[in-house]
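Input: a single structure, listed below in structure tokens.
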Amino acid sequence: MSSSSKSNSLGGARLRDLRVAAGRSQLWVEAEADLGTGYLQRVESGRVAQPERSTVERILGALEARYGERREVLESFG
């Protein structure tokens, strides 16, 4: 696994952790962030190699992530 894909999967895992901690389903976050069905699962699993920054920001907004959490996730995706 390249360091790029490894960091991307870390970003997806961090998003999943934030979502679970917030008690939200993937479907709920997708609706709140105006994403297609199944997209968040692909991001969380690392199958989406490089989600757009604006998309990650919408997901973080839906999760009401704190500043430090947002910065950590965005840095994970590069």
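The values are calculated or read from the model by the stated rules, or taken from the named source; none is laboratory data. What you see is a predicted model, and the numbers here were worked out from it, not measured in a lab. Positions of Cβ are backbone-derived with ideal geometry, glycine not excepted, and every protein chain shown enters the neighbour counts. To get the accessible areas, we keep the full protein, side chains included, count just its heavy atoms, and leave off ligands, DNA and RNA. Shrake-Rupley method; radii C 1.70, N 1.55, O 1.52, S 1.80 Å.
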Q | Matching entry among GLU30, GLU72, GLU64 (being within 18 Å of LEU10 (Cα to Cα) and among the acidic types (Asp, Glu)) | A | GLU72
Q: Just name the residue that is nearest to GLU72 (Cα to Cα) out of those in region 13-53 that are in a loop (DSSP other than H, G, I, E, B) and open to solvent by less than 20 Å² (accessible area, probe 1.4 Å).
A: PRO51
Q: For region 54-75, name all the residues that are farther than 11 Å from LEU18 by Cα, under 10 Å from the mean Cα position of the chain (by Cα) and open to solvent by less than 90 Å² (accessible area, probe 1.4 Å).
A: THR55, VAL56, GLU57, LEU74
Q: Sort out which residues of region 54-78 are touching a residue at least 12 places away in the same chain (Cβ under 8 Å), under 17 Å from ARG24 (Cα atoms) and not in a helix (DSSP H, G or I), and write them in order of number.
A: LEU63, GLU64, ALA65
